[in-house]
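Working notes, beginning with the structure itself.
The values are calculated or read from the model by the stated rules, or taken from the named source; none is laboratory data. Quantities reported herein were computed from a predicted structural model and do not represent experimental measurements. All Cβ positions, even for glycine, are placed from backbone atoms using ideal geometry, and neighbour counts span all protein chains on display. Just the protein is used for accessible areas: all its heavy atoms, side chains included, with ligands, DNA and RNA removed. Shrake-Rupley method; radii C 1.70, N 1.55, O 1.52, S 1.80 Å.
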Amino acid sequence: MTDILRSWIGSALPDWLIVLIAYLIVTTIVLFYAVGNFILMVWAERRIVARMQDRLGPNRVGPAGLLQPIADAVKMFTKEDIVPRNADRWVHLLAPVVSLAPVAMMLAVIPWGRGWEPVDLHVALLYIVAVSAVSGVGLMMAGWGSNNKFALLGAMRAVAQLVSYEIPAVTALLTVVVLAGGMSLLNLPHLQAGVPIMGATILCNDPAGCSPLLYTTVTSFPGSPNEPVQALDLGLGWWVFTPVGLLGFVVFFIAALAEGERTPFDIPEADSEIVAGYMTEYSGMKFATFYIAQYILNLALAALAATAFLGGWQGPGVAALANMGGPWVHVAAALSAFYLLAKIWVLFFVMIWLRGAFPRLRVDQLMDFAWKLLLPLALVNIVSASLMVSITHWTSAQWSGLISLDGFVPWQRQLIAILVTAIINIAATYWILSINQRPKEEEWVEEELVIAP
(Lines give C-alpha, C1' and ligand atoms only; values in the text may rest on other atoms or scores of the structure.)
Protein backbone atom coordinates (compact mmCIF):
# COMPACT_ATOMS: atom_id res chain seq x y z
CA MET A 1 0.00 0.00 0.00
CA THR A 2 2.89 2.38 0.74
CA ASP A 3 4.41 1.80 -2.71
CA ILE A 4 1.02 2.36 -4.37
CA LEU A 5 0.52 5.68 -2.59
CA ARG A 6 4.04 6.78 -3.43
CA SER A 7 3.42 6.08 -7.11
CA TRP A 8 0.15 8.03 -7.01
CA ILE A 9 1.14 10.96 -4.81
CA GLY A 10 4.84 11.20 -5.61
CA SER A 11 6.60 13.91 -3.61
CA ALA A 12 3.46 15.92 -2.84
CA LEU A 13 3.47 14.65 0.76
CA PRO A 14 6.32 13.80 3.14
CA ASP A 15 7.27 10.16 3.33
CA TRP A 16 6.22 9.74 6.97
CA LEU A 17 2.71 10.98 6.15
CA ILE A 18 2.42 8.59 3.20
CA VAL A 19 3.38 5.68 5.48
CA LEU A 20 0.83 6.81 8.10
CA ILE A 21 -1.95 7.08 5.49
CA ALA A 22 -1.05 3.64 4.12
CA TYR A 23 -1.32 2.03 7.57
CA LEU A 24 -4.63 3.79 8.24
CA ILE A 25 -6.05 2.51 4.94
CA VAL A 26 -4.89 -1.05 5.62
CA THR A 27 -6.29 -0.92 9.17
CA THR A 28 -9.64 0.32 7.88
CA ILE A 29 -9.80 -2.44 5.25
CA VAL A 30 -8.99 -5.17 7.79
CA LEU A 31 -11.53 -3.89 10.33
CA PHE A 32 -14.28 -3.58 7.72
CA TYR A 33 -13.43 -7.10 6.55
CA ALA A 34 -13.73 -8.40 10.12
CA VAL A 35 -17.02 -6.57 10.78
CA GLY A 36 -18.47 -7.78 7.48
CA ASN A 37 -17.61 -11.37 8.37
CA PHE A 38 -19.06 -10.85 11.85
CA ILE A 39 -22.42 -9.79 10.38
CA LEU A 40 -22.52 -12.78 8.05
CA MET A 41 -21.40 -15.15 10.80
CA VAL A 42 -24.23 -14.07 13.10
CA TRP A 43 -26.79 -14.57 10.34
CA ALA A 44 -25.28 -17.91 9.23
CA GLU A 45 -25.15 -19.33 12.76
CA ARG A 46 -28.76 -18.43 13.49
CA ARG A 47 -29.95 -19.92 10.21
CA ILE A 48 -27.85 -23.09 10.39
CA VAL A 49 -28.66 -23.86 14.03
CA ALA A 50 -32.33 -23.26 13.26
CA ARG A 51 -32.08 -25.73 10.40
CA MET A 52 -30.46 -28.32 12.71
CA GLN A 53 -33.28 -27.83 15.23
CA ASP A 54 -36.05 -27.94 12.60
CA ARG A 55 -36.79 -24.20 12.88
CA LEU A 56 -36.82 -21.35 10.37
CA GLY A 57 -34.56 -18.84 12.07
CA PRO A 58 -34.55 -15.14 11.08
CA ASN A 59 -36.42 -14.79 7.79
CA ARG A 60 -38.42 -11.55 8.01
CA VAL A 61 -35.97 -8.66 7.70
CA GLY A 62 -34.55 -8.66 4.19
CA PRO A 63 -34.29 -11.62 1.79
CA ALA A 64 -33.79 -14.84 3.81
CA GLY A 65 -33.35 -12.64 6.91
CA LEU A 66 -30.00 -11.23 5.70
CA LEU A 67 -30.73 -7.81 7.19
CA GLN A 68 -31.58 -9.21 10.63
CA PRO A 69 -28.07 -8.45 12.04
CA ILE A 70 -28.48 -4.83 10.88
CA ALA A 71 -31.85 -4.62 12.64
CA ASP A 72 -30.28 -6.08 15.78
CA ALA A 73 -27.50 -3.48 15.61
CA VAL A 74 -30.05 -0.66 15.38
CA LYS A 75 -31.86 -2.12 18.38
CA MET A 76 -28.62 -2.26 20.38
CA PHE A 77 -27.85 1.37 19.58
CA THR A 78 -31.26 2.49 20.84
CA LYS A 79 -31.38 0.41 24.04
CA GLU A 80 -30.74 2.10 27.35
CA ASP A 81 -27.28 1.78 28.89
CA ILE A 82 -27.95 0.47 32.41
CA VAL A 83 -25.20 0.43 35.03
CA PRO A 84 -25.83 -1.19 38.45
CA ARG A 85 -25.92 1.30 41.32
CA ASN A 86 -23.08 -0.34 43.28
CA ALA A 87 -20.94 -1.22 40.27
CA ASP A 88 -17.49 0.22 39.61
CA ARG A 89 -18.54 2.48 36.74
CA TRP A 90 -15.12 2.92 35.11
CA VAL A 91 -14.21 -0.76 35.27
CA HIS A 92 -17.70 -1.62 34.03
CA LEU A 93 -17.25 0.79 31.11
CA LEU A 94 -13.73 -0.24 30.08
CA ALA A 95 -14.24 -4.02 30.27
CA PRO A 96 -15.84 -4.40 26.79
CA VAL A 97 -13.13 -2.21 25.25
CA VAL A 98 -10.34 -4.24 26.86
CA SER A 99 -11.98 -7.42 25.55
CA LEU A 100 -12.38 -6.18 21.96
CA ALA A 101 -9.14 -4.27 21.37
CA PRO A 102 -6.70 -7.23 21.71
CA VAL A 103 -8.89 -9.37 19.46
CA ALA A 104 -8.83 -6.71 16.74
CA MET A 105 -5.05 -6.42 17.10
CA MET A 106 -4.67 -10.11 16.29
CA LEU A 107 -5.90 -9.47 12.74
CA ALA A 108 -2.85 -7.32 11.93
CA VAL A 109 -0.37 -10.18 11.44
CA ILE A 110 -2.51 -12.72 9.56
CA PRO A 111 -1.63 -13.13 5.85
CA TRP A 112 -5.03 -12.75 4.18
CA GLY A 113 -3.76 -13.67 0.72
CA ARG A 114 -0.66 -13.99 -1.45
CA GLY A 115 1.07 -10.67 -0.90
CA TRP A 116 -1.77 -9.38 1.29
CA GLU A 117 -0.13 -9.11 4.71
CA PRO A 118 -0.94 -6.06 6.88
CA VAL A 119 2.22 -6.45 9.00
CA ASP A 120 5.04 -8.98 8.81
CA LEU A 121 6.39 -9.76 12.28
CA HIS A 122 9.14 -12.32 12.76
CA VAL A 123 7.48 -13.23 16.07
CA ALA A 124 3.88 -13.14 14.84
CA LEU A 125 2.85 -16.33 16.66
CA LEU A 126 4.25 -15.02 19.94
CA TYR A 127 2.48 -11.71 19.31
CA ILE A 128 -0.88 -13.45 18.81
CA VAL A 129 -0.49 -15.56 21.94
CA ALA A 130 0.50 -12.54 24.03
CA VAL A 131 -2.22 -10.23 22.72
CA SER A 132 -5.03 -12.79 22.92
CA ALA A 133 -4.30 -13.33 26.62
CA VAL A 134 -5.13 -9.68 27.35
CA SER A 135 -8.82 -10.23 26.54
CA GLY A 136 -9.09 -12.35 29.68
CA VAL A 137 -8.35 -9.22 31.72
CA GLY A 138 -11.42 -7.57 30.16
CA LEU A 139 -13.60 -10.53 31.11
CA MET A 140 -12.41 -10.38 34.71
CA MET A 141 -12.99 -6.62 34.76
CA ALA A 142 -16.57 -7.20 33.58
CA GLY A 143 -17.30 -9.71 36.33
CA TRP A 144 -15.64 -7.71 39.08
CA GLY A 145 -16.91 -4.29 38.03
CA SER A 146 -20.53 -5.46 37.77
CA ASN A 147 -20.75 -6.20 41.53
CA ASN A 148 -22.86 -9.25 40.75
CA LYS A 149 -22.12 -12.74 42.03
CA PHE A 150 -23.30 -14.40 38.81
CA ALA A 151 -21.12 -12.08 36.74
CA LEU A 152 -18.13 -12.72 39.01
CA LEU A 153 -18.60 -16.50 38.80
CA GLY A 154 -18.81 -16.29 35.01
CA ALA A 155 -15.65 -14.18 34.86
CA MET A 156 -13.76 -16.62 37.09
CA ARG A 157 -14.87 -19.49 34.89
CA ALA A 158 -13.86 -17.59 31.75
CA VAL A 159 -10.37 -16.79 33.04
CA ALA A 160 -9.80 -20.34 34.32
CA GLN A 161 -10.93 -21.74 30.98
CA LEU A 162 -8.80 -19.27 29.03
CA VAL A 163 -5.65 -20.00 31.03
CA SER A 164 -6.18 -23.77 30.94
CA TYR A 165 -6.73 -24.05 27.19
CA GLU A 166 -4.07 -21.51 26.21
CA ILE A 167 -1.39 -23.98 27.30
CA PRO A 168 -2.36 -26.83 24.90
CA ALA A 169 -3.09 -24.27 22.18
CA VAL A 170 0.38 -22.71 22.48
CA THR A 171 1.97 -26.15 22.75
CA ALA A 172 0.20 -27.20 19.53
CA LEU A 173 1.50 -24.06 17.82
CA LEU A 174 5.02 -24.95 18.94
CA THR A 175 4.92 -27.84 16.46
CA VAL A 176 4.42 -25.24 13.72
CA VAL A 177 7.41 -23.29 15.04
CA VAL A 178 9.52 -26.47 14.94
CA LEU A 179 8.46 -27.33 11.39
CA ALA A 180 8.85 -23.78 10.08
CA GLY A 181 11.99 -22.90 12.00
CA GLY A 182 10.50 -19.55 13.04
CA MET A 183 7.41 -17.75 14.32
CA SER A 184 6.53 -15.68 11.25
CA LEU A 185 3.04 -16.30 9.86
CA LEU A 186 4.09 -14.88 6.49
CA ASN A 187 6.26 -17.91 5.69
CA LEU A 188 3.79 -20.61 6.73
CA PRO A 189 1.73 -20.73 3.50
CA HIS A 190 4.91 -20.79 1.41
CA LEU A 191 6.20 -23.77 3.43
CA GLN A 192 2.94 -25.65 2.76
CA ALA A 193 3.24 -25.62 -1.01
CA GLY A 194 3.43 -28.84 -3.03
CA VAL A 195 1.18 -31.88 -2.93
CA PRO A 196 -0.60 -33.68 -0.06
CA ILE A 197 1.59 -35.69 2.33
CA MET A 198 4.78 -35.19 0.29
CA GLY A 199 4.76 -31.40 0.41
CA ALA A 200 7.33 -29.77 -1.87
CA THR A 201 9.63 -32.81 -2.05
CA ILE A 202 8.77 -34.05 -5.57
CA LEU A 203 11.35 -32.24 -7.69
CA CYS A 204 11.70 -31.51 -11.39
CA ASN A 205 14.36 -33.75 -12.93
CA ASP A 206 14.34 -32.08 -16.36
CA PRO A 207 17.51 -29.97 -16.82
CA ALA A 208 15.60 -27.69 -19.19
CA GLY A 209 12.96 -27.03 -16.54
CA CYS A 210 9.45 -28.35 -16.03
CA SER A 211 6.14 -26.69 -16.81
CA PRO A 212 5.63 -23.53 -14.69
CA LEU A 213 1.95 -24.44 -14.48
CA LEU A 214 2.79 -27.46 -12.32
CA TYR A 215 6.24 -26.76 -10.88
CA THR A 216 7.27 -23.78 -8.78
CA THR A 217 10.72 -22.63 -7.75
CA VAL A 218 11.04 -23.07 -4.00
CA THR A 219 13.96 -22.38 -1.69
CA SER A 220 12.79 -24.08 1.49
CA PHE A 221 11.66 -27.69 1.55
CA PRO A 222 12.58 -30.80 3.57
CA GLY A 223 16.02 -32.03 2.55
CA SER A 224 17.38 -28.90 0.86
CA PRO A 225 16.50 -25.68 2.67
CA ASN A 226 18.96 -23.42 0.87
CA GLU A 227 19.18 -24.48 -2.77
CA PRO A 228 16.40 -23.17 -5.06
CA VAL A 229 14.81 -25.99 -7.02
CA GLN A 230 11.66 -26.65 -9.01
CA ALA A 231 9.12 -28.66 -7.02
CA LEU A 232 5.69 -29.97 -7.97
CA ASP A 233 3.32 -27.41 -6.51
CA LEU A 234 -0.46 -27.83 -6.49
CA GLY A 235 -0.86 -25.70 -3.38
CA LEU A 236 -1.92 -28.73 -1.33
CA GLY A 237 1.14 -29.50 0.79
CA TRP A 238 -0.79 -28.60 3.93
CA TRP A 239 0.64 -29.80 7.23
CA VAL A 240 -2.75 -31.18 8.24
CA PHE A 241 -2.11 -34.05 5.79
CA THR A 242 0.85 -35.16 7.91
CA PRO A 243 0.53 -36.97 11.28
CA VAL A 244 2.20 -34.08 13.12
CA GLY A 245 0.01 -31.46 11.48
CA LEU A 246 -3.19 -33.46 11.94
CA LEU A 247 -2.72 -33.98 15.68
CA GLY A 248 -1.57 -30.38 16.13
CA PHE A 249 -4.61 -29.10 14.24
CA VAL A 250 -7.05 -31.18 16.29
CA VAL A 251 -5.53 -30.04 19.59
CA PHE A 252 -5.38 -26.39 18.53
CA PHE A 253 -8.90 -26.32 17.09
CA ILE A 254 -10.41 -27.83 20.24
CA ALA A 255 -8.48 -25.34 22.36
CA ALA A 256 -9.68 -22.55 20.05
CA LEU A 257 -13.27 -23.63 20.69
CA ALA A 258 -12.65 -23.23 24.41
CA GLU A 259 -10.90 -19.86 24.05
CA GLY A 260 -13.72 -18.60 21.85
CA GLU A 261 -16.29 -19.94 24.35
CA ARG A 262 -17.98 -22.07 21.73
CA THR A 263 -20.20 -25.02 22.60
CA PRO A 264 -19.50 -27.37 24.36
CA PHE A 265 -17.13 -24.96 26.15
CA ASP A 266 -19.60 -22.10 26.73
CA ILE A 267 -19.52 -22.59 30.51
CA PRO A 268 -18.74 -18.90 31.33
CA GLU A 269 -22.13 -17.94 29.84
CA ALA A 270 -24.19 -20.83 31.18
CA ASP A 271 -27.68 -19.32 31.29
CA SER A 272 -29.09 -22.28 33.23
CA GLU A 273 -26.59 -21.74 36.06
CA ILE A 274 -25.31 -18.14 36.16
CA VAL A 275 -27.82 -16.18 34.03
CA ALA A 276 -25.35 -14.91 31.39
CA GLY A 277 -22.01 -14.97 33.17
CA TYR A 278 -19.79 -11.91 33.02
CA MET A 279 -22.26 -10.20 30.62
CA THR A 280 -25.20 -10.37 33.05
CA GLU A 281 -25.17 -6.65 33.94
CA TYR A 282 -24.51 -5.35 30.41
CA SER A 283 -27.03 -3.94 27.97
CA GLY A 284 -27.10 -1.97 24.75
CA MET A 285 -23.85 -1.43 22.89
CA LYS A 286 -21.72 -2.63 25.81
CA PHE A 287 -23.30 -6.04 25.47
CA ALA A 288 -22.91 -5.83 21.67
CA THR A 289 -19.20 -5.08 22.10
CA PHE A 290 -18.70 -8.36 23.97
CA TYR A 291 -20.72 -10.08 21.25
CA ILE A 292 -18.58 -8.60 18.48
CA ALA A 293 -15.37 -9.50 20.36
CA GLN A 294 -16.39 -13.15 20.58
CA TYR A 295 -17.17 -13.50 16.88
CA ILE A 296 -14.06 -11.63 15.73
CA LEU A 297 -12.02 -13.84 18.07
CA ASN A 298 -13.56 -16.89 16.40
CA LEU A 299 -12.68 -15.37 13.01
CA ALA A 300 -9.08 -14.74 14.07
CA LEU A 301 -8.65 -18.22 15.59
CA ALA A 302 -10.11 -19.87 12.49
CA ALA A 303 -7.77 -17.80 10.29
CA LEU A 304 -4.81 -18.77 12.50
CA ALA A 305 -5.74 -22.46 12.36
CA ALA A 306 -6.12 -22.29 8.57
CA THR A 307 -2.78 -20.48 8.19
CA ALA A 308 -0.85 -22.75 10.54
CA PHE A 309 -2.20 -26.15 9.51
CA LEU A 310 -4.42 -25.85 6.39
CA GLY A 311 -2.01 -24.05 4.10
CA GLY A 312 -3.42 -20.58 4.66
CA TRP A 313 -4.06 -19.00 1.27
CA GLN A 314 -2.51 -21.96 -0.56
CA GLY A 315 -4.71 -23.82 -3.02
CA PRO A 316 -4.79 -25.26 -6.56
CA GLY A 317 -3.99 -22.73 -9.24
CA VAL A 318 -2.42 -20.00 -7.10
CA ALA A 319 1.19 -20.87 -7.98
CA ALA A 320 0.35 -21.47 -11.64
CA LEU A 321 -1.34 -18.07 -11.99
CA ALA A 322 1.50 -16.34 -10.15
CA ASN A 323 4.08 -17.94 -12.48
CA MET A 324 2.26 -16.53 -15.50
CA GLY A 325 3.28 -13.02 -14.40
CA GLY A 326 1.70 -9.72 -15.39
CA PRO A 327 -1.90 -9.13 -14.31
CA TRP A 328 -2.26 -12.82 -13.45
CA VAL A 329 -0.32 -12.14 -10.26
CA HIS A 330 -3.26 -10.08 -8.99
CA VAL A 331 -5.67 -12.84 -10.03
CA ALA A 332 -3.55 -15.30 -8.03
CA ALA A 333 -3.72 -12.98 -5.00
CA ALA A 334 -7.53 -12.74 -5.26
CA LEU A 335 -7.82 -16.53 -5.62
CA SER A 336 -5.56 -17.07 -2.62
CA ALA A 337 -7.69 -14.70 -0.50
CA PHE A 338 -10.78 -16.67 -1.54
CA TYR A 339 -9.12 -19.95 -0.48
CA LEU A 340 -8.32 -18.60 2.99
CA LEU A 341 -11.84 -17.19 3.40
CA ALA A 342 -13.33 -20.54 2.35
CA LYS A 343 -11.22 -22.40 4.92
CA ILE A 344 -12.24 -19.93 7.64
CA TRP A 345 -15.91 -20.46 6.86
CA VAL A 346 -15.53 -24.25 6.79
CA LEU A 347 -14.01 -24.12 10.27
CA PHE A 348 -16.73 -21.77 11.44
CA PHE A 349 -19.37 -24.16 10.09
CA VAL A 350 -17.77 -26.92 12.18
CA MET A 351 -18.12 -24.64 15.22
CA ILE A 352 -21.82 -24.20 14.46
CA TRP A 353 -22.20 -27.92 13.82
CA LEU A 354 -20.70 -28.73 17.23
CA ARG A 355 -23.06 -26.24 18.86
CA GLY A 356 -26.06 -28.04 17.43
CA ALA A 357 -24.73 -31.51 18.25
CA PHE A 358 -23.16 -31.43 21.73
CA PRO A 359 -24.36 -30.40 25.19
CA ARG A 360 -22.37 -28.17 27.53
CA LEU A 361 -19.56 -29.75 29.55
CA ARG A 362 -19.25 -29.58 33.33
CA VAL A 363 -16.39 -27.56 34.81
CA ASP A 364 -14.52 -30.65 36.00
CA GLN A 365 -14.89 -32.27 32.57
CA LEU A 366 -13.59 -29.07 30.99
CA MET A 367 -10.44 -29.02 33.10
CA ASP A 368 -9.80 -32.76 32.83
CA PHE A 369 -10.04 -32.55 29.05
CA ALA A 370 -7.43 -29.78 28.87
CA TRP A 371 -4.88 -31.07 31.35
CA LYS A 372 -5.25 -34.85 31.02
CA LEU A 373 -5.85 -35.22 27.29
CA LEU A 374 -4.99 -32.21 25.12
CA LEU A 375 -1.76 -31.19 26.87
CA PRO A 376 -0.16 -34.69 26.82
CA LEU A 377 -1.08 -35.09 23.15
CA ALA A 378 0.43 -31.69 22.33
CA LEU A 379 3.65 -32.58 24.15
CA VAL A 380 3.95 -35.87 22.27
CA ASN A 381 3.36 -33.99 19.04
CA ILE A 382 6.34 -31.72 19.73
CA VAL A 383 8.54 -34.82 19.94
CA SER A 384 7.09 -36.06 16.65
CA ALA A 385 7.68 -32.68 15.01
CA SER A 386 11.29 -32.71 16.17
CA LEU A 387 11.79 -36.19 14.73
CA MET A 388 10.17 -35.12 11.46
CA VAL A 389 12.55 -32.18 11.08
CA SER A 390 15.59 -34.27 12.00
CA ILE A 391 14.69 -37.06 9.56
CA THR A 392 14.01 -34.68 6.67
CA HIS A 393 16.81 -32.15 7.30
CA TRP A 394 19.68 -33.66 9.28
CA THR A 395 22.80 -35.08 7.73
CA SER A 396 24.69 -38.12 9.02
CA ALA A 397 27.12 -35.79 10.83
CA GLN A 398 24.26 -34.23 12.78
CA TRP A 399 23.08 -37.72 13.66
CA SER A 400 26.63 -38.41 14.98
CA GLY A 401 26.85 -41.38 12.64
CA LEU A 402 23.96 -43.23 14.28
CA ILE A 403 21.72 -42.87 11.23
CA SER A 404 22.65 -42.03 7.66
CA LEU A 405 19.88 -40.77 5.39
CA ASP A 406 22.08 -38.82 3.00
CA GLY A 407 21.51 -41.32 0.20
CA PHE A 408 17.74 -40.83 0.20
CA VAL A 409 16.04 -38.27 -2.03
CA PRO A 410 13.78 -35.66 -0.35
CA TRP A 411 10.46 -37.43 -0.98
CA GLN A 412 11.83 -40.68 0.46
CA ARG A 413 12.98 -38.93 3.62
CA GLN A 414 9.58 -37.26 3.87
CA LEU A 415 7.86 -40.63 3.60
CA ILE A 416 10.08 -42.13 6.31
CA ALA A 417 9.32 -39.18 8.59
CA ILE A 418 5.58 -39.55 8.03
CA LEU A 419 5.65 -43.27 8.85
CA VAL A 420 7.70 -42.77 12.04
CA THR A 421 5.58 -39.86 13.33
CA ALA A 422 2.34 -41.67 12.44
CA ILE A 423 3.35 -44.66 14.56
CA ILE A 424 4.33 -42.44 17.50
CA ASN A 425 1.19 -40.26 17.38
CA ILE A 426 -1.24 -43.15 16.93
CA ALA A 427 0.33 -45.14 19.78
CA ALA A 428 0.44 -42.11 22.08
CA THR A 429 -3.16 -41.15 21.30
CA TYR A 430 -4.39 -44.67 22.02
CA TRP A 431 -2.42 -44.84 25.26
CA ILE A 432 -3.54 -41.43 26.55
CA LEU A 433 -7.18 -42.15 25.68
CA SER A 434 -7.02 -45.54 27.41
CA ILE A 435 -5.59 -44.20 30.68
CA ASN A 436 -8.19 -41.41 30.75
CA GLN A 437 -11.11 -43.76 30.21
CA ARG A 438 -13.06 -44.54 33.39
CA PRO A 439 -13.51 -48.24 34.11
CA LYS A 440 -16.92 -49.42 32.95
CA GLU A 441 -17.72 -51.13 36.22
CA GLU A 442 -17.53 -47.86 38.16
CA GLU A 443 -20.20 -45.17 38.27
CA TRP A 444 -20.32 -41.89 40.14
CA VAL A 445 -23.62 -41.26 41.85
CA GLU A 446 -24.07 -38.18 44.06
CA GLU A 447 -20.28 -37.82 44.47
CA GLU A 448 -19.95 -41.35 45.88
CA LEU A 449 -18.12 -44.16 44.14
CA VAL A 450 -20.48 -47.06 43.61
CA ILE A 451 -19.29 -50.38 42.22
CA ALA A 452 -21.86 -51.63 39.73
CA PRO A 453 -22.82 -55.30 40.03
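Structural remarks
- Accessible surface for the chain, divided over its residues, is 50 Å² per residue with a 1.4 Å probe.
- Rolling a 1.4 Å probe over the protein chains gives W411 an accessible area of about 110 Å².
- Counting only DSSP H runs of at least 4 residues, each contributing -39500 (n - 2.57), and dividing by the residue count of the chain, the helix-based mean residue ellipticity at 222 nm comes to -20000 deg cm²/dmol.
- Solvent exposure ordering (accessible area, 1.4 Å, most first) of H393, H190: H190, H393
- Extension gain, W371 to N59: 0.36 nm times the residue separation minus the Cα-Cα distance gives 108.1 nm.
- Largest-first ordering by accessible area, 1.4 Å probe, given options E80, E259, E117: E80, E117, E259
- Area of T280 that stays accessible when all protein chains are in place (1.4 Å probe, Å², to 10): 40 Å²
- Ranked by solvent-accessible area (1.4 Å probe, protein heavy atoms only, all chains present), the residues I391, I426, I29, I292 order from largest to smallest as I426, I29, I292, I391.
- Averaging the Cα positions of each part gives two centres, and for the stretch 124-172 and the stretch 301-326 these lie 32 Å apart.
- Kirkwood Rh and Cα Rg combined as Rg/Rh, the chain: 1.01
- Integer Hz, Karplus 6.51/-1.76/1.60 couplings in order for the stretch 240-250, x for Gly and Pro: 5, 7, 9, x, 5, x, 5, 5, x, 5, 4
- Where trypsin sites (Lys or Arg not before Pro) fall in DSSP loop in the stretch 8-83, at most 15 other Cβ within 10 Å: R55, R60, K79
- Assuming charge only on the beta carbon of Lys and Arg (+1) and of Asp and Glu (-1), the dipole of the chain about its Cα centre is about 800 debye to the nearest 20.
- Measuring how big the stretch 23-152 is from its alpha-carbon positions, Rg and Dmax come out at 18.4, 52 Å.
- For S11, the solvent-accessible surface with a 1.4 Å probe is about 110 Å², rounded to the nearest 10.
- The fraction of accessible area contributed by carbon and sulfur in the stretch 165-258 is 67 percent, rounded to a whole number (1.4 Å probe; ligands and nucleic acids excluded).
- When a 1.4 Å probe is rolled over the protein heavy atoms, the share of accessible surface on the stretch 75-119 that falls to carbon and sulfur comes to 61 percent.
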